[in-house]
Amino acid sequence: MHVRQNQLLCGIVAEYIDTGKPVSSASLIDAMHLSISPATVRIVLQQLHDEGYLYQPHTSAGRVPTDRGFRFYVDRTVIPHLSPPEQQRINRTFLRLADEYGMWTRTVAHLLAGLTNTVAVTIARQPADVQEAGVHELMAGMDEEQLAYVREIGRMVDALDRASSHIAHLIPDRRAVFIGGENPLLAAQHTSLLVRRCVGPDGTDALLILAGAKRMAYDRNLALLDFAATLS
C-alpha cells in the first residue's frame, strides 16, 4: 500500500471510530488538516474501496471501513498505553470493586465493563468459572439498529460460555483481536472481540475478554486488558 493510501485509510478509520458516521472526502480533509485537494482524496478513497478496505453504504454517502480496513488500522497504529496516574486510579477502583464482588474474575469483569463501555467476560479455566458484566448497561436507550448490535453481543456471550473450556486454544498468542467476520465463535458483523491470556492471583490460567462495537477505542481497550491482567 502506498504511503498516501496508508495515511488516508488510518485517518478514515480513526474518524469513523470517533463519529460513527460515514466519512466524506471533505470531512476527512478537515479532520486530518490535509493540504491536498478533495479530488485527490476521492481518487485514493476509491482505490481503497476497490481494494476492499472501505465501502459506501449509499451512493451519496461517505465511506465506512470494512473488516479489512479495521484490521489494517489495528495492526499498524494501535499502541496500547496507560499513564501511571490512570493506572493508579484503576487500581483504586479495582480494590473498591473487590470489596463488593469478592471473586477476582467477577471483580475484573465489572471493572473492565465499567471502563470500556463493552461487555467484559472473564474465564478461569480450573475450576471452570465464567463471569460477565455490561450487557444490561448496553441495552439502555438503544434504537433498533443498535439493538442488532446488542443481540450479536448476546449471542457472543452465549458462545463464549459454551466454548469456555476450549477457547484458549483459539488464541495463539498472549493477546488477540478478532474484528467482525474474523470472530472464531460466530458470524459477527457489528462487533469485535479482544482476548487477553493471563494468570489469576491464585495461579489459575484465565482469559480476559472484551466484546464491543467494531468502532471501539482499540488502543485504550487493549491497554486496559493488559493492565487488568496484572491486578491482584
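Every number in this text was worked out from the coordinates using simple rules, so none of it is lab data. None of the values given here were measured: they were computed from a predicted structure. Note that each Cβ is placed from the backbone with ideal geometry, even for glycine, and that neighbours are counted across all protein chains shown.
What nm distance separates the two modelled labels at residue 5 and residue 46, each placed 7 Å from Cα along Cα→Cβ?
1.5 nm
Percent relative contact order of the chain, based on C-alpha pairs within less than 8 angstrom and at least six residues apart?
Values: 343 pairs, mean separation 42.0, N = 232.
Relative contact order of the chain: 18 percent.
To the nearest 500 deg cm²/dmol, what mean residue ellipticity at 222 nm is calculated for the chain from DSSP H runs of n ≥ 4 alone, each contributing -39,500 (n - 2.57), summed and divided by the residues? Mind showing how you got there, number by number?
On the way: 9 runs with 115 residues, N = 232.
Taking each H run of at least 4 residues, the total per residue is -15500 deg cm²/dmol.
Would you mind working out the magnitude of the charge dipole of region 84-228 relative to its Cα centre, with +1 at each Lys and Arg C-beta and -1 at each Asp and Glu C-beta, to the nearest 20 Debye?
That gives region 84-228 a dipole magnitude of about 320 debye.
Bins of 10 Å, beginning at zero and ending with the bin holding the largest distance: percent of Cα pairs per bin for the chain, please.
It works out to 7, 31, 32, 20, 8, 1, in whole percents.
Suppose R0 equals 25 Å; then what is the FRET efficiency for residue 147 and residue 18 from their Cβ-Cβ distance, rounded to the nearest 0.05?
Values: r = 23 Å, r/R0 = 0.91.
So the FRET efficiency works out to roughly 0.65.
Can you grab the distance from the C-alpha centre of region 1-46 to the C-alpha centre of region 189-225, Å, no decimals?
Taking the Cα centre of each part, region 1-46 and region 189-225 sit 29 Å apart.
Taking neighbour counts of Cβ atoms within 10 Å as a proxy for exposure, in what order, fewest first, do 33, 169 appear?
Working: 33 6, 169 9.
The fewest-first ordering by Cβ neighbours comes to 33, 169.
Under the 0.36 nm per residue contour assumption, what length would be gained going from the current alpha-carbon distance of residue 162 and residue 187 to full extension? Before the final figure, lay out the partial values.
Numbers: separation 25, 0.36 × 25 = 9.00 nm, distance 1.55 nm.
Stretched fully, the residue 162-residue 187 segment lengthens by 7.5 nm.
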